[in-house]
1. Each label point is 7 Å from the Cα along the Cα-to-Cβ direction; what then is the distance between the points at Leu29 and Arg173, in nm?
2. What pairs from Lys184/Lys309; Lys233/Lys309; Lys184/Lys233; Lys177/Lys199; Lys196/Lys244 go past 22 Å between their alpha carbons?
3. Quick one: with all protein chains in place, what share of the accessible area of the chain is carbon or sulfur, to the nearest percent (1.4 Å probe)?
4. If you take every residue apart from Ala237 with its C-beta less than 9 Å away from the C-beta of Ala237, what net charge results, scoring Lys and Arg +1 and Asp and Glu -1?
5. Could you work out [θ]222 nm for the chain from helices alone, using -39500 (n - 2.57) per DSSP H run of at least four and dividing by all its residues? Round to the nearest 500 deg cm²/dmol.
6. Among Phe265, Val147, Met205, which residue has its Cα positioned farthest towards the positive end of the charge dipole of the chain, with +1 placed on the Cβ of Lys and Arg, -1 on the Cβ of Asp and Glu, and the dipole taken about the Cα centre?
7. Label the range 175-311 by shape, choosing from rounded, prolate and oblate, from the square roots a ≥ b ≥ c of the eigenvalues of the Cα gyration tensor; if a/c is under 1.5 it is rounded, and otherwise prolate applies when a/b is larger than b/c, oblate when it is not.
8. Can you figure out the FRET efficiency of Glu203 with Ile72, using R₀ = 51 Å and their beta-carbon distance, to the nearest 0.05?
Amino acid sequence: MIYTITMNPALDRTIEVEGLVPEDANRILSDVRYAGGKGIDVSRVINELGGETIALGLVGGYTGFELEGRLINEGVLCDFTRISGETRTNIILVNKAEDVQYMLNAAGPRVTPAEIGLFFEKIRSIPPDADFVVISGSIPRGVSTKVYAQLITTLKAKGVEKVALDADGELLREGCKAGPFLIKPNLYEFRRLTGKAPKGPQEVMEESRKLMAEWGIQVVLVSMGAEGLLGVKGDEAYWAIPPKLKVVSAVGAGDATVAGFVQGFTQGLSFPECLRLAAAAGAAVVLTPGTELCHKRDVEEILPQVELKEL
Ligand code: TA6
């Protein structure tokens, strides 16, 4: 079984307006809601690709119930820890007239130490033979930036080998020190993590190898938007380039990339074929609005068009 961990889930609302006029009533044209937060998006995409996950995390309040209900309706198994605070709502505001969208991400509820303790009890119940555990996204208030390092150490002590981490800043840096199996920063997060500005896939590969040596990380995936996905594992390194597509909304493309890789890996695909599936899933997300994420039919159509370059 694959487990996803989202400590700061969000109800994602994509709100469309014709235009934005200051100091006047802007009528909402549409308001589409999905369960969200990065780990939850990974669960939704793996579900769409025909895989199965259990979504773990902290949810609370009426929004927490709505989020869980929407996930259950999509067919995703959930085993959330309930908190007293209200799960956040993130908004994607689409301004049709200017063909632009803005992502408004809330900080999330304040979580108590007792709720963190309860949550770690749930983490310790993950079986050692778990196929993969994906830890992804931001954290709510009241939680230490060392929490992902704690999660990774706790899981590895239980014998869970395959832990993937997708985060940013201090959370990612501290998490890396605990030696996760896989990290998937985007290029901006990678630059912040390395303090370097690598130009092109070759340099990204070289910097990735330094991270792997320093922290004992087995796989580094760096998503570079339309430029594709770079993947390094042992002495293998590939650059997966998806076809050029018209972007409707790229929100969640990074999560779909992680989902495609983890799904392929647990299916026993070779490293380059895992990268191809990851790149195809990430690319397919841009074809849909808001946080609808991707459709299996689009992923299957894009898959053979992904170009793989060995580095
Ligand atoms: O990547 C898309 C997404 O997961 C959305 O669901 C949205 O809720 C946001 O990212 C949450 O990201 P954050 O970094 O705030 O946890």
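1. With each label placed 7 Å out from Cα toward Cβ, I get 4.3 nm.
2. Beyond 22 Å: Lys177/Lys199; Lys196/Lys244.
3. Reported share for carbon and sulfur atoms: 52 percent.
4. Its environment carries a net charge of -1.
5. Helix-only estimate at 222 nm: -11500 deg cm²/dmol.
6. Projecting each Cα onto the dipole axis, the largest value belongs to Val147.
7. prolate
8. Efficiency, rounded to the nearest 0.05: 0.70.
The values are calculated or read from the model by the stated rules, or taken from the named source; none is laboratory data. In this text, all values refer to a predicted model and were calculated from it rather than measured experimentally. Every residue, glycine as well, gets a Cβ built from its backbone with ideal geometry; the counts of neighbours run over all protein chains shown. Side chains included, ligands, DNA and RNA excluded: accessible areas come from the protein's heavy atoms. Shrake-Rupley method; radii C 1.70, N 1.55, O 1.52, S 1.80 Å.
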